[in-house]
1. Taking the stated definitions as given, is Glu83 more than 23 Å from Gln25 (Cα to Cα) and of a type outside the set (Phe, Trp, Tyr)?
2. Pick out the one residue from Asp19, Asp65 that is among the acidic types (Asp, Glu), within 43 Å of the chain's Cα centre (by Cα) and buried (at least 16 other Cβ atoms within 10 Å of the Cβ).
3. Please count how many residues of the stretch 49-62 are surrounded by 15 or more Cβ atoms within 10 Å (Cβ to Cβ) and out of contact with any strand residue (DSSP E or B) (no Cβ under 7 Å at 6 or more places or on another chain).
4. What are the pairs, 6+ residues apart or on separate chains, where a residue within the stretch 88-99 that is modelled with pLDDT of 90 or more has its Cβ under 6 Å from a residue that is hydroxyl-bearing (Ser, Thr, Tyr)?
5. Asp33 passes all but one of (1) in contact (Cβ under 8 Å) with a residue 60 or more places away in the chain; (2) within 22 Å of Thr6 (Cβ to Cβ); which number fails?
6. Within the stretch 179-219, can you find the residues that are surrounded by 14 or more Cβ atoms within 10 Å (Cβ to Cβ), assigned to a loop (DSSP other than H, G, I, E, B), touching a helix residue (DSSP H, G or I) at 6+ places or on another chain (Cβ under 6 Å) and modelled with pLDDT under 80?
Amino acid sequence: MISKTTLTPLGKLAFAPADYPWDAQAAAKRVQDALGWSALALYSLRVDTSADSESFEAYPMLVVDIVDGEPRVVPLALSAVREALSDLDEETRSAVDDHLDALKKRLAQIEKVSEESQTATTEVGTEGAEDAKTEAGPQSETQDDRGPRSDTKYSSGVNPERLDAAERIVERLAHQGRLLPAWGHKALVGFIAGLSDEKSLSDEGFEPISPLDFFTGLLESLPALVPLSEFASPQARVDNSFESLGHKIAKALK
């Protein structure tokens with residue numbers, strides 16, 4: 001609530017927005033209602049001593065309005081006062097001009113600080129975006145070089161980190177000879193990446209295990225499926241299907 005007994009000096013008041021409308025008569029009425037006649041005298045750059053001190057005519061160069069419940073200097077009011085200076089005598093014009101210049105200077109300083117703050121915020125945001133692009137650049141390049149990550153048929157909607165981990169698992173199993181080329185390594189990467197890592201599988205007497213650990217552990221427990229003799233024997237290369245894999249897994253578990 002505004003106190004009528006304690007008035008903030010004109011030079012310490014905050015400013016209204018630059019485009020805040022200025023209506024001298026309406027502003028004078030609001031200031032008088034909120035703060036009294038003494039506020040009109042304090043917030044006017046010129047007081048007409050020939051007029052009644054409790055009349056609006058005595059304060060022709062008011063530059064303050066009540067904005068959001070508080071007195072604020074209105075930038076457009078300063079412009080209106082500047083245009084009216086030509087109607088004053090030299091001595092009065094000089095006195096008003098000094099007060100006006102002081103307010104204009106303070107307004108310019110406030111606007112400069114505001115602009116610098118906005119510029120700094122924009123630059124920080126731009127630098128952040130550039131940094132993100134820089135960080136994303138090498139990663140995208142690595143993904144292209146690695147190949148499987150670029151296959152959108154199985155990578156869509158899957159966490160990239162999970163795809164990386166799944167690809168490493170498949171590469172390790174292939175190096176160990178536990179995967180056959182006909183099974184399709186890209187499909188296996190997508191399948192393994194989609195397996196949950198939550199320990200949701202359990203059996204009596206065994207610790208809970210995740211579907212991901214169960215499946216990869218199962219594959220790693222199999223004997224090598226690609227011995228050199230298999231490539232030397234045409235018969236060994238005939239059945240490389242997933243059905244054959246199922247039979248081999250079942251046989252290994254016996």
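The values are calculated or read from the model by the stated rules, or taken from the named source; none is laboratory data. Quick caveat: nothing in here was measured; it's all calculated off a predicted structure. Positions of Cβ are generated from backbone atoms using ideal geometry, with glycine treated the same way; all protein chains shown enter the neighbour counts.
1. For Glu83, the condition - more than 23 Å from Gln25 (Cα to Cα) and of a type outside the set (Phe, Trp, Tyr) - is not met.
2. Asp65
3. The number of residues fulfilling the criteria is 3.
4. Correct list of pairs: empty, since none qualify.
5. Answer for Asp33: the failing condition is (1).
6. Leu179
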